[in-house]
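In what follows, a structure is listed as structure tokens, so that the remarks can point back to it.
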Amino acid sequence: GSVVASYPYDDSVTHSPTGVYSKSADDEVFRYLAKAYASHHPIMRTGKPNCPGEERETFPDGITNGAQWYDVEGGMQDYNYVWANCFEITLELSCCKYPPTSELPKEWENNRESLLVFIEKV
């Protein structure tokens, strides 16, 4: 896990494991939506999730192009965009894939405003 808003494409022409910006035709819209979410999240907006084992990983403005972060061939986000014209972003909300129940109220508070802003954009 991490704390970042990721947008298409997740796959790149070169299939390099990381570091290739894979721009979609709607790149500006995706960046806008990802930034709208990230800018209202107290951790995400810093661009420094500080996840255990990945402390040096950073994301400018709390967002990333999927393939630039890491290449995913055949991912659902890209599939839905290409074949169903669905504009999706992927929200990584926690360093922990399965946070304990006791942390869920804090996660809700971290994401509440971001979710409302995102819904307004949609």
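Here are the numbers:
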quantity: Filter result for the condition that a residue is over 15 Å from the mean Cα position of the chain (by Cα) and among the aliphatic types (A, V, I, L, M), over V29, V122; calculated: V122
quantity: Where R45 falls short, out of the listed (1) within 17 Å of S94 (Cα to Cα); (2) in contact (Cβ under 8 Å) with a residue 12 or more places away in the chain; (3) not in a helix (DSSP H, G or I); calculated: (3)
quantity: Every pair of residues 6+ apart whose Cβ atoms lie under 9 Å, when the first sits in the stretch 15-35 and is closer than 22 Å to E57 by Cα while the second is among the hydrophobic types (A, V, I, L, M, F, W, C) and open to solvent by 90 Å² or more (accessible area, probe 1.4 Å); calculated: V20/V13; S22/V13; L33/V122
quantity: Residue check for A84: aliphatic (A, V, I, L, M), free of Cβ contacts under 8 Å to residues at least 40 places away in the same chain and over 25 Å from P17 (Cβ atoms); calculated: yes
quantity: Selection count, the stretch 42-65, where residues are open to solvent by less than 50 Å² (accessible area, probe 1.4 Å), closer than 18 Å to K97 by Cα and touching a Ser or Thr at 6+ places or on another chain (Cβ under 6 Å); calculated: 2
quantity: Residue in the stretch 78-94 that is among the small types (G, A, S), surrounded by 11 or more Cβ atoms within 10 Å (Cβ to Cβ) and in contact with a Pro (Cβ under 6 Å, 6 or more places away or on another chain) present; calculated: no
quantity: Filtered residue count, the stretch 34-73, keeping only those that are closer than 21 Å to L116 by Cα, more than 10 Å from the chain's Cα centre (by Cα) and not hydroxyl-bearing (S, T, Y); calculated: 8
quantity: Within the stretch 1-14, tally of residues that are among the polar types (S, T, N, Q), outside any strand (DSSP E or B) and either open to solvent by 60 Å² or more (accessible area, probe 1.4 Å) or within 20 Å of E57 (Cα to Cα) (or both); calculated: 1
quantity: Restricting the stretch 95-107 to residues that are under 30 Å from D11 (Cα atoms) and of a type outside the set (K, R), the residue that is surrounded by the fewest Cβ atoms within 10 Å (Cβ to Cβ); calculated: Y98
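The values are calculated or read from the model by the stated rules, or taken from the named source; none is laboratory data. Everything quoted here is computed from the prediction, not taken from an experiment. A quick note on method: Cβ atoms are made from the backbone with ideal geometry, for glycine too, and the neighbour counts reach across all protein chains shown. Accessible surface areas use protein heavy atoms only, side chains included; no ligands, DNA or RNA. Shrake-Rupley method; radii C 1.70, N 1.55, O 1.52, S 1.80 Å.
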